[in-house]
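Written below as structure tokens is the structure these notes are about.
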Amino acid sequence: AVKMSAPTMEERKACWGARDELWQCMDKHAEDDTKCKELRLAFEARCPQQWVKYFDKRRDFLKYKKMLETEGYHPPEAAGKS
């Protein structure tokens with residue numbers, strides 16, 4: 001395995017910038033990846049792979065949280081009452 005050195009400030013900025021552009025694109029196109037392919041590639045090229053994984057998870061989490069805030073949480077009816 002290749003040991004990755006910590007990204008420099010410049011590299012971090014490039015990564016965050018690429019992430020923000022990708023996320024804005026995804027927001028604009030209702031998560032349609034095909035519309036944001038180039039930004040996705042740029043994001044993956046500019047960020048360390050573990051960051052890509054982390055940010056993808058984080059985005060899913062934030063989307064989920066937002067959905068809960070806008071639609072409210074509806075517990076499944078089938079949950080047995082203890």
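The values are calculated or read from the model by the stated rules, or taken from the named source; none is laboratory data. Bear in mind the structure is a predicted one, so any value in this text is a computation, not a measurement. Side chains included, ligands, DNA and RNA excluded: accessible areas come from the protein's heavy atoms. Shrake-Rupley method; radii C 1.70, N 1.55, O 1.52, S 1.80 Å.
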Residue-level accessible surface for Thr70, protein heavy atoms, 1.4 Å, Å²: 110 Å²
Karplus-derived HN-Hα couplings along the stretch 8-24 (A = 6.51, B = -1.76, C = 1.60, θ = phi - 60°), whole Hz, x at Gly and Pro: 6, 4, 4, 5, 5, 4, 4, 5, 5, x, 5, 5, 4, 5, 4, 5, 4
How much length is gained if the chain between Glu11 and Glu38 is pulled fully straight, taking 0.36 nm per residue apart and subtracting their Cα-Cα distance, in nm to one decimal? 7.9 nm
Could you give each residue of the stretch 28-43 its phi-based ³J(HN,Hα) in whole Hz, using Karplus coefficients 6.51, -1.76, 1.60 with θ = phi - 60°, and x for Gly or Pro? 5, 10, 6, 6, 7, 4, 4, 6, 10, 3, 5, 5, 4, 5, 5, 4
Is the shape of the stretch 12-69 best called rounded, prolate or oblate, per the rule: a/c under 1.5 gives rounded, else a/b larger than b/c gives prolate, else oblate, with a ≥ b ≥ c the square roots of the Cα gyration tensor eigenvalues? oblate
Explain nothing, just compute: Karplus ³J(HN,Hα) = 6.51 cos²θ - 1.76 cosθ + 1.60, θ = phi - 60°, for every residue of the stretch 47-64 in order, whole Hz, x for Gly and Pro. 10, x, 4, 5, 5, 4, 4, 4, 5, 4, 4, 4, 4, 4, 4, 5, 4, 5
